[in-house]
Amino acid sequence: MSVANTIAACVYAFYKFFVFKTSRENSEIKFRPAAIFDMSDYTFKGYQCHSKEGWNKLELVEFPVKDFQDYDIDVKISYTGVCGTDLHTLRNGWNTTNYPVIVGHEIVGKAVRVGPKVKSIKHGDRVGVGAVSWSCGECDACHTNNEQYCKEQVETYNMSYKEGWTAFGGYANYARVHENFVFPIPDGIDEAIVAPMLCGGLTLYSPLRRAGVTKGSKVGIVGLGGLGHFGVLLAVALGAEVTVISHSPRKRDDAMAMGAKNFLCGDDWDKDPANIRSLDLIISANSSLNIDLEKYLSTLRVGGTFIQCGLPEGKLPAVDPFSLIMNNAAIRGSNVGSKKEAIEMLALVKQKGVKSWIEVLPMSQCGKAVENLHAGAARYRYVLKQDIK
Ligand SMILES: [Zn+2]
Ligand SMILES: [Zn+2]
């Protein structure tokens, strides 16, 4: 070997030694923070819908989740309720769906990872998540327990965070949500029973409370479906006398079993003078377009209010202004409820032993659950039990 070659070999050996050492150090430097700061030893998996045509063909996939931030909580999901909104979204009924989507916003589970600035929830707590997962925290709505009306709110699915992350819902094994939208679930309430209350129940509880419903209030519930049945159960729990207005005479026995006092059905119940100006409040949980609005308004007492909670895939019918003016009636809408109201509702549910009427299916049968809901078979909510491995 020539001197030149020997020198070259030595230079190469030194080069290899330093490159190897440096790259190993670099790889250790990269590895250590990940081990310290990313404590998740799980991946997020959920049942994804790819298109309107495939609304009932939900495929189990791993999905990307937003970065874990100081106020975030990871929830290990045990049950997720099946809400009418899931079906509207899967089928693009409101023309707002951004596929692919993972629906589900009635989530119950356990807090398995809690951000360093979270104050209200501890690791291991039983918790729930509803239809909203983030709001700005700074506007009038957010400062007055109206965060569900924040103009910047991010719903639990089919929306994006301003940083670009997609929000995926609860037909999944885990959910990652800001503390402000994670509700503590009191002991003594069954998880499957409570899951559908976190959107469906809250959607009816909030307008009942805001309308001041109390013992002796006369409340009408239009439509005895998944939402409407919560209207009956929760209005009765608040002490109201409830009238159910339904298109289906088959629902009478169920309405009475839920605690209703009166059941109006058919085409001519408004001809009975006893039904005119008889109610303080009517909540329509009906999400079909078959809404006989003026007939409902005729049942309101002077100053009464009609509140629309169901979201039909179309417009409400036109209203003759005389229907409003001649008895000082109001029409308003209502969107889910605040965290404060969720906590109040869960306390009432525990105190009065309110129980959702549910059918539990394994989460792997979520496609069947939405098909059944679409077919009108729900009595009255489907709840998906976790079985993702
Ligand atoms: Zn806000
Ligand atoms: Zn919902």
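Some observations on this one:
- Scanning the stretch 239-254 for residues that are surrounded by 14 or more Cβ atoms within 10 Å (Cβ to Cβ) and either of a type in the set (Phe, Trp, Tyr) or part of a helix (DSSP H, G or I) (or both) yields a count of 3.
- Matching residues, the stretch 238-254, being touching a Phe, Trp or Tyr at 6+ places or on another chain (Cβ under 9 Å) and within 19 Å of residue 280 (Cα to Cα): 238, 243, 244, 245, 246
- Residues of the stretch 255-271 satisfying the condition of being part of a helix (DSSP H, G or I) and among the basic types (Lys, Arg): 271
- Residue 185 within 16 Å of ligand 2 (Cβ to nearest atom), of a type in the set (A, V, I, L, M, F, W, C) and under 27 Å from residue 43 (Cα atoms): no
- Within the stretch 106-145, the only residue that satisfies the criterion of being away from ligand 2 (no atom under 16 Å from the Cβ), within 14 Å of residue 339 (Cβ to Cβ), small (Gly, Ala, Ser) and not in a loop (DSSP other than H, G, I, E, B) is 141.
- Some residue of the stretch 300-320 being in the same structural domain as residue 232 (by TED's automatic domain parsing), hydroxyl-bearing (Ser, Thr, Tyr) and more than 30 Å from the chain's Cα centre (by Cα): no
- 1 or more residues more than 12 Å from residue 346 (Cβ to Cβ), among the basic types (Lys, Arg) and in the same structural domain as residue 248 (by TED's automatic domain parsing): qualifying strands (runs of 3 or more DSSP E) within the stretch 174-223: 218-222
- Only one entry in 72, 86 is more than 13 Å from ligand 2 (Cβ to nearest atom) and charged (D, E, K, R), namely 72.
- Cross-chain or 6+ apart pairs with Cβ under 7 Å, the stretch 286-297 first and in the same structural domain as residue 271 (by TED's automatic domain parsing), then small (Gly, Ala, Ser) and part of a loop (DSSP other than H, G, I, E, B): 286/223; 286/310; 287/310; 289/314; 297/329
- Filtering the stretch 156-175 to residues that are within 21 Å of residue 139 (Cα to Cα) and out of contact with any helix residue (DSSP H, G or I) (no Cβ under 9 Å at 6 or more places or on another chain) leaves 159, 160, 161, 162, 163.
- Total residues in the stretch 137-160, condition of a type in the set (Ser, Thr, Tyr) and closer than 25 Å to residue 48 by Cα: 3
- The set of residues from the stretch 99-152 being without any contact (Cβ under 8 Å) to a residue 12 or more places away in the chain and surrounded by 16 or more Cβ atoms within 10 Å (Cβ to Cβ) comprises 141, 142.
The values are calculated or read from the model by the stated rules, or taken from the named source; none is laboratory data. Please read all numbers here as calculations on a predicted model, not as lab measurements. With ideal geometry, Cβ positions are generated from the backbone for all residues, glycine too; neighbour counts draw on all protein chains shown.
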